[in-house]
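The values are calculated or read from the model by the stated rules, or taken from the named source; none is laboratory data. Predicted, not measured: the structure shown is a model, and the values here were computed from it. Backbone-built Cβ (ideal geometry, glycine too); neighbour counts: all protein chains shown.
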């Protein structure tokens, strides 16, 4: 099993460009999450989904949109990238509330 | 607000010694706690968890202790090895969301 797969692994964007980060999990997990990780800070929740077709805002949702059209996929979109969105993005999934996450390997995004 | 924190940002131990990483949490309603390990360039990896109805749980070389009275969580690593060098996060979960601490970096000296 691949677990949680994120694509791409690295990306450089110019300010104002758009892109979509892809997350796929093959564990049949209901819950999926997007986090960002910045130096010296913990993981901060951007958006999450508790099931196919549902999404909700996390701690830092501004500038991002998400979609969960299929249970196994959770997409994170940046409509107009800003330098403040330079970060490492992690996707995670879990099967229920009282379970730990399975994380992807991350996407390192640089906005110049 | 709710927060999960770590007492020490860095910890350096000698190979073979035991390591103890501490964490404080503030939400007494949290019912599930997890420790994650993150190696450089990788995503966090689940190490061990504990539910609020327990005060101790053991895994392979790792033990998590939960003290609900003082809202304290600790991770003990026995016979620390070079491969244990990483950043360790504690996290508390209540409902759909998990709050992570900033992490403690563990250095293992050979």
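Observations, loosely collected:
Results for (1) surrounded by fewer than 16 Cβ atoms within 10 Å (Cβ to Cβ); (2) within 14 Å of chain B (Cβ to nearest Cβ); (3) touching a residue at least 24 places away in the same chain (Cβ under 8 Å), shown as yes or no for each residue.
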position	(1), (2), (3)
A:59	yes, yes, no
A:70	yes, no, no
A:78	no, no, yes
A:85	no, no, yes
A:96	yes, yes, yes
A:107	no, yes, yes
A:111	no, no, yes
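- Of all residues in segment B:88-110, none satisfies being assigned to a loop (DSSP other than H, G, I, E, B) and at pLDDT 95 or above.
- Residues of segment A:4-54 satisfying the condition of being in a loop (DSSP other than H, G, I, E, B) and surrounded by 15 or more Cβ atoms within 10 Å (Cβ to Cβ): A:29, A:30, A:42, A:50
- Residue in segment B:61-75 that is nearest to the other protein chains (Cβ to nearest Cβ), counting only those that are in contact (Cβ under 8 Å) with a residue 24 or more places away in the chain, buried (at least 16 other Cβ atoms within 10 Å of the Cβ) and in a strand (DSSP E or B): B:64
- Residue A:69 in contact with a helix residue (DSSP H, G or I) (Cβ under 8 Å, 6 or more places away or on another chain) and over 15 Å from residue A:106 (Cβ atoms): no
- Candidate set from segment B:77-110 (those that are more than 13 Å from chain A (Cβ to nearest Cβ) and surrounded by 17 or more Cβ atoms within 10 Å (Cβ to Cβ)); member that is nearest to residue A:44 (Cα to Cα): B:86
- Qualifying residue in segment A:72-84 (condition: at pLDDT below 95 and farther than 24 Å from residue B:29 by Cα): yes
- Some residue of segment B:48-59 being in contact (Cβ under 8 Å) with a residue 60 or more places away in the chain, within 13 Å of chain A (Cβ to nearest Cβ) and part of a strand (DSSP E or B): no
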